[in-house]
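Report on the following structure.
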Amino acid sequence: MDARDMGEDLEKILLTEEQIGTRLEEMAALIDADYAGRELLLVGVLRGAVMVMADLSRRMHLPIQMDWMAVSSYGSGTKSSGVVRILKDLDNDLTGRDVLIVEDIIDSGLTLSWLVANLRSRGPASVEIATLLRKPEAAKVDVDVRYVGFDIPPEFVVGYGLDYAERYRHLPFVGTLAPHVYGG
Ligand SMILES: O=P(O)(O)OC[C@H]1O[C@H](OP(=O)(O)OP(=O)(O)O)[C@H](O)[C@@H]1O
Ligand SMILES: Nc1nc2[nH]cnc2c(=O)[nH]1
Ligand SMILES: [Mg+2]
């Protein structure tokens, strides 16, 4: 799959597959160092974080376990509704665990601020966040993000797990859509 397969839907590529891979390698090394000697529970936020989880975890050397949570605040549009719903809860008990939430993007920060509070209430030893992308809005919300891949401009992006109406998740890069796609 490359940019040409998107026809005229793609406006530009923001991050190439290679740039993403290089940054995930750096993030994995940081996480390995920070949690040395401990066992980490990675919590992926379905569905956007699937690619990041797969590619970040494969670059880590710590003993890890994986669990998944499905929450949704966006529906099929490009604006957060602000209402977070649990569609699938974790299978693991978090008591005493070191938890690292793995996300594709922090935009308004609403999803993560809600999720961190929810997971912290379950008695874990620690809860931190690793996200591939962060938009400027996120800085306004009180969420402490320990690992950030890239700070990006406030544009709606797709690819590498991120969808628009469920399309484009499988693109190996992150790009922006042409305005005609979403009626802009
Ligand atoms: O910081 P926020 O403004 O809350 O937005 C970030 C969240 O929005 C997207 O998920 P979405 O709810 O669209 O579901 P998906 O992961 O299944 O695509 C994205 O994957 C993040 O989880
Ligand atoms: N696809 C996509 N989903 C998001 N959810 C929050 N921000 C974004 C974004 O820029 N793109
Ligand atoms: Mg998501």
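Computed from the coordinates by the stated procedures, all read-outs in this text should not be read as laboratory data. Note that the structure is a prediction, hence the values are computed from the model and not measured. Cβ placement follows ideal geometry from the backbone for every residue including glycine, while neighbour counts extend to all protein chains displayed.
Here are a few things to note about the model shown:
- Packing here is the average count of other Cβ atoms within 10 Å per residue, and on that basis the peptides 17-30, 159-172, highest first, run 159-172, 17-30.
- Calculated FRET efficiency for the pair ASP32/THR95, C-beta based, R₀ 22 Å, to 0.05: 0.35
- Per-residue ellipticity at 222 nm from helix content only, as computed over the chain with -39500 (n - 2.57) for each DSSP H run of at least four residues, stands at -6500 deg cm²/dmol.
- Contact order relative to length of segment 17-154, as percent, for alpha carbon pairs under 8 angstrom and 6 or more apart: 22 percent
- Cut-off 13 Å, label 7 Å out along Cα→Cβ of ASP67, residues of segment 25-42 by amide N: 40-42
- FRET E, pair ASP151, ARG120, Förster distance 22 Å, beta-carbon r, rounded to 0.05: 0.35
- The stretch between ARG59 and GLU39 holds 5.7 nm of extra length on full extension. This uses 0.36 nm per residue minus the Cα-Cα distance.
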